[in-house]
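Participant: This is the structure I want to talk about, given as structure tokens.
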Amino acid sequence: MNTKILIPIFLSFLLLSCASGTQKSSDLNQTTEPQLSEEEIFELDKEPITSTKLPSLHILPRMSDEDGNSDDTAATYTLRANEDVNVTIESAQGSWITPMWRYNNSPLPLVIRANRGDTMHLIFQNRLSSDSTIHSHGFKIPADMDGGPDYPVAPDANKTYTFTMNQPAAPLWFHPHPDMQTGKQVYMGLAGVFILEDNITKTLEKNNQLPSGNKDTVLLVQDRRFGEEINGVKELLYMNEEDDILGMRGNTILVNGSVTPKQEVSNTKHRYRLYNVSNARNYDFALSDESNFTIVGSDGGLLKKPVEVNHILLGAAERVEIIIDFSKYLIGEKLLLISKPITGRMSTTTGSFDLPIMRFDINKEEKEEIHLYSELPDDAEISKRLDPLQANNRGNERDFILSMGMMFNQKGELQTTFSINGKVFKPNRVDEFLGSNVTEIWKIRNDSHMAHPFHAHATQYQVLDRNGIPASGADLGWKDTFLIQPGETVRIIGKFEDVNKGDYMYHCHILEHEDAGMMGYFRVGPTGHIDSLLF
Ligand code: C2O
Ligand code: CU
Ligand code: CU
């Protein structure tokens, strides 16, 4: 147990319990902010903007439909999870081998593309030495196909997940979700991208209102910590069980598997699907010259109206689709995607400097073809706002209170507890019961001193307000993960439809918090799976 971390945190709890409002606690947090640990000191390429050695960005490989017909509305994909797949990691300092856990022995995370209406058959073959699952993050599917910890797939066993995609186009993803092992398995390299398309995105692309093809790039951002190089091999280092209440944060940022890669681009608009699939770290993404860029989509799909910003804060598991317009740069110019320092109340992540994420090298003159859409039709499903007056629980909103506390464990050591509504996750307990076909307002309050990305399965949700202030900007999009700041209360609304049946999870998407029990089950409809399980 690391007392250096625990003592100041414990003091901050005492202080915070005396402070009343958000304003006060933010001041206190600045003085009790954890010092940068050794691991936090990034070994950065000193001059990423001028370096001639940056590796080229990898484009993540797309899987192909195994049913022999890629034009029909059924698709089959096999995902075989293996340990000890040797992956080459490229960086400006040279490359090395790291043994990782991967699907299908792929050196890079895999991409599945599907269309709205497709019926998916995901055949999971667990060849790990521990239980695993495939959880489809952000999908509107029945609970028994959702890959939660109540449906573990044992080592050497297989499971086929079958479901039909009936939700708007969105940047979705999938990852393991076994009890208490999610953080480790995702960290070791098990995660994949699932891009859903629909008639709206296809029409916008065809009409040149949204960049596509080689101007539509997935960027998976993940931080990792590597051991010493021995004979060209660096092992991935995972945290010691309880040594960091902030969750697993590495000192090396990988984008599509490489350290600070570069991408050569023409001087036109490009679309990036930016995924924060780090275990714990938040990023405040920006361009190194502070230029604006345009957000066109969030976790659950396109925004009705694109929003221009000069930075976007993404908690673990959040995604945005952005458009960067490179037309104002000269051929030969270079631009960095950075993460800005996150200070004050949001201090749980990056240190005190701009963290380089990747570089864009503007190297080709090209005529602009894209005239970005300005507004989606009102009657499109993605444009609709759920009406709080239609909520079945209006006037009696469902509370989710995120807390961290201190407790003595069996060995008599002080230990941090992570809970929701005062409860630590129990695999045989359903915490919240919802009816069938209901619309609900959930009120999530962060009672702790650090930000938590709250995630709920089953459907996509909308933010109503944050601390009473109506949602605006990218918060107007559909989302499945919400970064909740210390002291903040966020009200979200979700509609559970026919497809939603059974026991789903809600949890903090800092995976180490989830594994430590900051998670619960909610049941949609009269019955679920948990009753019938023998624990
Ligand atoms: Cu991305 Cu319950 O998970
Ligand atoms: Cu999920
Ligand atoms: Cu958390």
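Participant: When a/c is below 1.5 the answer is rounded, else prolate if a/b is larger than b/c, else oblate, so apply that to the chain with a ≥ b ≥ c taken from the square roots of the Cα gyration tensor eigenvalues.
Facilitator: Since a/c stays below 1.5, the shape of the chain is classed as rounded.
Participant: Can you figure out the FRET efficiency of Glu368 with Thr203, using R₀ = 25 Å and their beta-carbon distance, to the nearest 0.05?
Facilitator: 0.80
Participant: Further, regarding this structure: Convert each backbone phi in the range 435-451 into a coupling constant with the Karplus relation 6.51 cos²θ - 1.76 cosθ + 1.60 (shift: θ = phi - 60°), then list the ³J(HN,Hα) values in order as whole Hz, x for Gly and Pro.
Facilitator: Couplings: x, 7, 6, 10, 10, 10, 9, 10, 10, 9, 10, 9, 9, 9, 9, 10, 6 Hz.
Participant: In addition: What full-extension length gain, to one decimal in nm, is calculated for Glu290 and Arg80 as 0.36 nm per residue of separation minus the Cα-Cα distance?
Facilitator: Working it through step by step, the gained length comes to 71.4 nm.
Participant: Counting pairwise Cα distances across the range 384-533, what percent come out greater than 18 angstrom?
Facilitator: 57
Participant: Also, I was wondering about something else. Give the long-range amide H neighbours of Arg225: residues separated by 5 or more places, or on another chain, with amide H under 5 Å away, using H modelled in the peptide plane at 1.01 Å from N.
Facilitator: Leu237, Asn251
Participant: Now for a separate question. Put +1 on the Cβ of each Lys and Arg and -1 on the Cβ of each Asp and Glu in the range 74-206; which of Ser130, Asn82, Gln181 then has its Cα farthest toward the positive end of the dipole?
Facilitator: Towards the positive end, the residue furthest out is Asn82.
Participant: Quick one: what are the phi-derived ³J(HN,Hα) couplings along the range 495-508, Karplus 6.51/-1.76/1.60 with θ = phi - 60°, whole Hz, x for glycine and proline?
Facilitator: Values per residue, Gly and Pro as x: 10, 9, 10, 3, 5, 7, 9, x, 9, 10, 9, 10, 5, 6 Hz.
Participant: Just by accessible area at a 1.4 angstrom probe, what is the order of Thr50, Thr203 from largest to smallest?
Facilitator: Largest accessible area first, the residues go Thr50, Thr203.
Participant: Let me ask something else about it. Long-range amide H contacts for His121: which residues qualify at under 5 Å (H placed 1.01 Å from N, peptide plane, sequence gap of 5 or more or a different chain)?
Facilitator: Ala75, Thr76, Tyr77
Participant: I've got another one for you. Cross-link candidates for Lys304: which aspartates and glutamates have Cα within less than 12 Å, leaving aside residues fewer than 8 places away along the same chain?
Facilitator: Glu375, Asp378, Asp379, Glu381, Asp475
Participant: Could you please put Glu365, Glu381, Glu440 in sequence from largest to smallest accessible area, using a 1.4 Å probe?
Facilitator: Descending accessible area places them as Glu365, Glu381, Glu440.
Participant: Please report the relative contact order for the chain, taking Cα pairs under 8 Å with a sequence separation of at least 6, and give it as a percent rounded to a whole number.
Facilitator: 14
Participant: Roll a 1.4 Å probe over the protein heavy atoms and report the accessible area of Phe226 in Å², nearest 10.
Facilitator: 30
Participant: Suppose a student asked you for the relative contact order of the range 401-516, using Cα pairs under 8 Å spaced at least 6 residues apart; what percent would you report?
Facilitator: So the answer I get is 30 percent.
Participant: List, in order, the whole-Hz ³J(HN,Hα) value for each residue of the range 299-313 obtained from phi through the Karplus relation with A = 6.51, B = -1.76, C = 1.60 and θ = phi - 60°; use x for Gly and Pro.
Facilitator: My calculation for the range 299-313 gives 2, x, x, 5, 7, 4, 10, x, 10, 8, 9, 10, 6, 8, 8 Hz in order.
Participant: Additional query: Out of Thr294, Asn158, Trp96, whose Cα points farthest toward the positive end of the dipole of the chain (charges: +1 Lys, Arg; -1 Asp, Glu; placed on Cβ)?
Facilitator: Thr294
Participant: Indicate the gyration tensor shape class of the range 415-493 (rounded, prolate or oblate), computed on the Cα atoms with a ≥ b ≥ c the square roots of the eigenvalues: a/c under 1.5 is rounded; otherwise a/b larger than b/c is prolate and the rest oblate.
Facilitator: oblate
Participant: Something else: What FRET efficiency comes out for Lys53 versus Asn231 if R0 is 30 angstrom and r is the Cβ-Cβ distance? Round to the nearest 0.05.
Facilitator: Calculated transfer efficiency: 0.85.
Participant: Ok, one more. Answer rounded, prolate or oblate for the range 102-146, using the Cα gyration tensor with square roots of eigenvalues a ≥ b ≥ c: rounded when a/c is under 1.5, else prolate when a/b is larger than b/c, else oblate.
Facilitator: Taking the square roots of the gyration eigenvalues as a ≥ b ≥ c, the range 102-146 is oblate.
Participant: Here is a follow-up. What pairs from Lys202/Lys501; Lys53/Lys334; Lys140/Lys202; Lys215/Lys305 go past 23 Å between their alpha carbons?
Facilitator: With Cα atoms farther than 23 Å apart: Lys202/Lys501.
Participant: Right, next: Hydropathy first: keep DSSP H helices in the chain averaging at least 1.6 on Kyte-Doolittle, then drop any whose Cα extent along the axis falls short of 18 Å, and list what survives.
Facilitator: 3-18
Participant: Mind listing which chymotrypsin sites (Phe, Trp or Tyr not before Pro) in the range 352-392 are in a DSSP loop and have 13 or fewer other Cβ atoms within 10 Å?
Facilitator: Counting only loop positions with at most 13 other Cβ atoms within 10 Å, the chymotrypsin sites (Phe, Trp or Tyr not before Pro) in the range 352-392 are Phe353.
Participant: Count the DSSP beta bridges whose two residues both fall in the chain, then state the antiparallel fraction as a percent rounded to the nearest 5.
Facilitator: Percent antiparallel among DSSP bridges in the chain is about 75.
Participant: Expressed as cubic angstrom per residue, what is the convex hull volume of the alpha carbon set of the range 74-206?
Facilitator: Measuring per residue, one finds 113 Å³ for the Cα hull of the range 74-206.
The values are calculated or read from the model by the stated rules, or taken from the named source; none is laboratory data. As the structure is a computational prediction, the values presented were derived from the model and not from experiment. Here the Cβ is made from the backbone with ideal geometry for all residues, glycine too, and neighbour counts use every protein chain on show. Calculation scope for accessible area: heavy atoms of the full protein, side chains included, ligands and nucleic acids excluded. Shrake-Rupley method; radii C 1.70, N 1.55, O 1.52, S 1.80 Å.
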